[in-house]
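In what follows, a structure is listed as structure tokens, so that the remarks can point back to it.
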Amino acid sequence: MKVLITGATGLVGKAITQECLKQGIVVHYLTTSKKKIISKKDYKGFYWNPAQGEIDEACFEGVQSIIHLAGASIAQKWTVSNKKIIKESRIKSAGLLFDTLERFRDHGNPSTVKHIISASGIGCYPSSPTKFYNEKYPNYATDFLGEVVQEWEQAAIEFQQLDIATSIIRMGIVLDGREGALAKITKPVKLYAGAPLGTGKQWQSWIHIDDIARLYVHVLTNELIGVYNGVAPNPVTNEKLTRAVAQRLKKPLFLPNVPKVILKMLLGEMGTIALQSQMVSSEKIEETGFVFGYTSIEKAIEDLL
């Protein structure tokens, strides 16, 4: 099997790439940095620039599936210009893949691609302290993240027009020992400045980096179609997550919770990410036979820190 991965040099992309190679899957990857292009027997890079509509069409050679992860980080100030980048980096990159594959077909030389797996996020679900969301929930959140996810997922669904099966994985908070959300929580705890955010009661649906990588490859190799939540079975509150980190690091939490108003002052609209509450189900992916390696926050943090 040969897969094309976009966003392969990011946090999740690197983990998925390693899992693919471990399972004998050949990886082609697209990168906007020519310095990151490597050419090996089972791992080969190709240049693209979605903003300019540029892509090395050789990247599709022999590829059966695409894992589309590319997109600018949402963890930046949500200025008007940054919001545009966050949205367009996802939509334009998917559009460039679609347009290229459509052109192949229209020229009588259809590609070998039969399946696309697109990243998405649980920001599609409205913030709620009590609701337990599964993939059947019909409505998108009405905030900026909900808007981004809706357009992101629609861009993936478009591939069905090319007879390409579509899968969407709505990722929760991906926990990694060196990058991402856990690193941001760990830093102040180490400095004796850790504290829950807002009320601390907001639900946070998380997943260990190893599990999200295996989950993507599970969907890939089993040719699963449809929408799946990429979250571990047991969501936790922000307070429990913060305390689990502090206990692992053997650091006290003696400061009061960080007030909502302070987060808004420091982070602007982007601060809503830390305050949103989404309790999300993993039942659908488990029903396909996927087994999580880390189902408790304590075990996940013990492994990562």
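None of the figures in this text is laboratory data; all of them are computed from the coordinates on show. These numbers come from a predicted model, not from an experiment. Quick reminder, even Gly has a Cβ in these numbers, built from the backbone with ideal geometry, and neighbours come from all protein chains shown.
Could you state the angle between the C-alpha long axis of helix 80-106 and the longest principal axis of the C-alpha atoms of the chain, as a value from 0 to 90 degrees rounded to the nearest 10? The answer is roughly 30 degrees.
Backbone amide hydrogens, once placed in the peptide plane, bring ILE168 within less than 5 Å of SER118, GLY226, VAL227, TYR228, excluding anything fewer than 5 places away on its chain. Checking the Cα-Cα distances for LYS34/LYS83; LYS35/LYS77; LYS2/LYS284; LYS131/LYS190 against a 30 Å cut-off, the pairs over it are LYS131/LYS190. Taking the DSSP bridge list for the stretch 152-279 and keeping only pairs wholly inside it, about 25 percent are antiparallel. Modelled label positions at LEU191 and LEU255, each set 7 Å beyond Cα in the direction of Cβ, lie 0.8 nm from each other. Computed from the C-beta positions of THR142 and GLU57 and an R0 of 35 Å, the FRET efficiency is 0.35 to the nearest 0.05.
Compute, for the stretch 2-304, the length of the dipole vector about the Cα centre, with Cβ point charges of +1 (Lys, Arg) and -1 (Asp, Glu) only. Units Debye, rounded to 20.
1300 debye
Using only Cα atoms, tell me the angle between helix 11-22 and the longest principal axis of the chain; keep it within 0 to 90° and round to the nearest 10. Between helix and principal axis, roughly 60 degrees.
Close amide H pairs (under 5 Å, H built 1.01 Å from N) link MET279 with SER128, TYR133, residues at least 5 positions away or on another chain.
Any of LYS14/LYS201; LYS14/LYS299; LYS41/LYS299; LYS36/LYS92; LYS87/LYS240; LYS44/LYS184 with alpha carbons more than 25 Å apart? Name them for me. Check vs 25 Å cut-off fails for LYS14/LYS201; LYS41/LYS299; LYS87/LYS240; LYS44/LYS184. What does a probe at SER73 reach in the stretch 174-213, counting residues whose amide N is under 13 Å from the point 7 Å along Cα→Cβ? Only 178-185 fall inside the zone, counting backbone N under 13 Å.
By the Stokes-Einstein formula, at 0.890 mPa s and 25 °C, the chain with its Kirkwood radius over alpha-carbon pairs has D equal to 122 µm²/s. Whole-Hz Karplus values for the stretch 195-200 come out as 6, x, 9, x, 6, x Hz, taken residue by residue from phi with 6.51 cos²θ - 1.76 cosθ + 1.60 and θ = phi - 60°; glycine and proline positions read x. Dipole magnitude for the stretch 214-305: computed about the Cα centre from +1 point charges on Lys and Arg Cβ and -1 point charges on Asp and Glu Cβ, it is near 520 debye. Backbone amide hydrogens, once placed in the peptide plane, bring GLN202 within less than 5 Å of ASN238, GLU239, excluding anything fewer than 5 places away on its chain.
Taking label positions 7 Å along the Cα-Cβ direction at both LYS35 and ALA183, the computed distance is 1.7 nm, reported to one decimal. Secondary-structure-derived ellipticity at 222 nm for the chain, considering helices only, amounts to -11000 deg cm²/dmol, per-run term -39500 (n - 2.57) for DSSP H runs with n ≥ 4. Using θ = phi - 60° and the Karplus curve 6.51 cos²θ - 1.76 cosθ + 1.60, what whole-Hz ³J(HN,Hα) does each residue of the stretch 160-167 get, with Gly and Pro shown as x? Using θ = phi - 60°, the values come out as 5, 5, 9, 6, 9, 5, 10, 10 Hz.
For the chain, the longest principal axis of the alpha carbon atoms and the long axis of helix 209-221 meet at an angle near 30°. Beta bridges per DSSP, both residues in the chain: antiparallel share near 15 percent.
Calculated on the Cα set of the stretch 85-192, radius of gyration then Dmax: 17.7, 63 Å. Quick one: if you stick a label point 7 Å off each Cα along the C-beta vector at GLU287 and ASN82, how many nm between them? My value for the distance between the label points is 3.9 nm. Look at the dipole of the chain built from charges on Cβ: of THR295, TRP152, GLY62, the Cα furthest out on the positive end belongs to THR295.
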